[in-house]
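Each remark here refers to the structure printed beneath this line.
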Amino acid sequence: MLLSAHWTGNVRPVAFTIGNVEIAWYGIIITLAMLTGLVVAMLRGRKQGLVVDDFVEIFLIAIPFAIIGARIGYVMVRPEYFPADFGWDDFVNVIAIWDGGLTIMTGVPFGILGGAIWCRIRKVNLLDLADIVVPVILLSQGLGRWGNFCNQEIFGAEITDPALQWFPMAVYIARLGGFYQALFFYEMVLDIAFFAAMMIIQKHLKLRGSGLLMYAFSYGLIRFIMEFFRDDGDIYAVFNYTQLISGLVALAAAVILIVVIVRKVKKGEKIWYGKGGIPDSERVKFAPYHRPSKKAENK
């Protein structure tokens, strides 16, 4: 292997092979990111009556939906995946998520659809579940961006100033032979920062649906900002469709959140708890009515 000018350009996308099957770092990192999110969601839901079995069920339903949705969103806007003489090899290429190519913008809605199916089966309010699970998605997304690093994806404008050619300011993209803005890292930092902010706010804000709305605002805003640089690095560049949709989602989520809060405050409802946060007695409880009792199971 010919070494590049910087260690960030020497990353191998394939971690190891099993027979003729290549196992990419992208898939490994995405899987670990999802498992990390699952563990964090379990810890968040424990005090509200959700148990490990609940989250395993949610995970087994929502994650496949999310992956399918993310892949559909990625390939449907890329006509090169659908040649006129579409055959078996082309089909394999379409579903080859292990090679990278997932779109979070369509993956998250599909994942929420999977969660809605679980809520329907278990007779649980979807917004209550979303307040626990959805904010954690932002953490998983941030960690998963390291998979893009291994694939040398998600970068911005070229950096020609030698004084700025250092990580995490820049990454060396071997196939282009130069340093570029390390957008994957910038987005990771923003994802984790917004996730931390949501955790702090939710500790004090008692508002059904706040997790879903804050996630929509946070990631919509992050993608809106990042898209300025993913095209050509010009902050005054013409909007693309992803940027336009992201901006509208962030704006809509912010407006809805503000309107709901104002209405509840006007009604005299207490939604903000200061020092110490929301008491456990005031939090939504997922009573085990949706799960059979041990006695019932043993009969």
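A short reminder: the numbers here are calculations on the coordinates, not readings from a lab. From a predicted model like this one, the values you see are computed outputs, not experimental measurements.
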Given the Cα-Cα distance of residue 43 and residue 280 and 0.36 nm per residue of separation, how much length would full extension add, in nm?
-> 83.9 nm
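Filter 123/264; 123/285; 47/270; 203/270 down to the pairs with a C-alpha to C-alpha distance above 19 Å, please.
Numbers: 123/264 26 Å; 123/285 13 Å; 47/270 21 Å; 203/270 14 Å.
Among 123/264; 123/285; 47/270; 203/270, the Cα-Cα distance tops 19 Å for 123/264; 47/270.
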Using Cα pairs closer than 8 Å and at least 6 residues apart in sequence, work out the relative contact order for the chain, in percent.
-> 19
Where is the GNM fluctuation largest for the chain (alpha-carbon springs, 10 angstrom cutoff): 219, 26, 81?
-> 81
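Give the shape of the range 34-84 as rounded, prolate or oblate, defined through the alpha-carbon gyration tensor: a ≥ b ≥ c are the square roots of its eigenvalues, a/c under 1.5 means rounded, and otherwise the shape is prolate if a/b is larger than b/c and oblate if not. The partial results should precede the final answer.
Numbers: a/c = 5.11, a/b = 3.67, b/c = 1.39.
Prolate, since a/c reaches 1.5 and a/b exceeds b/c.
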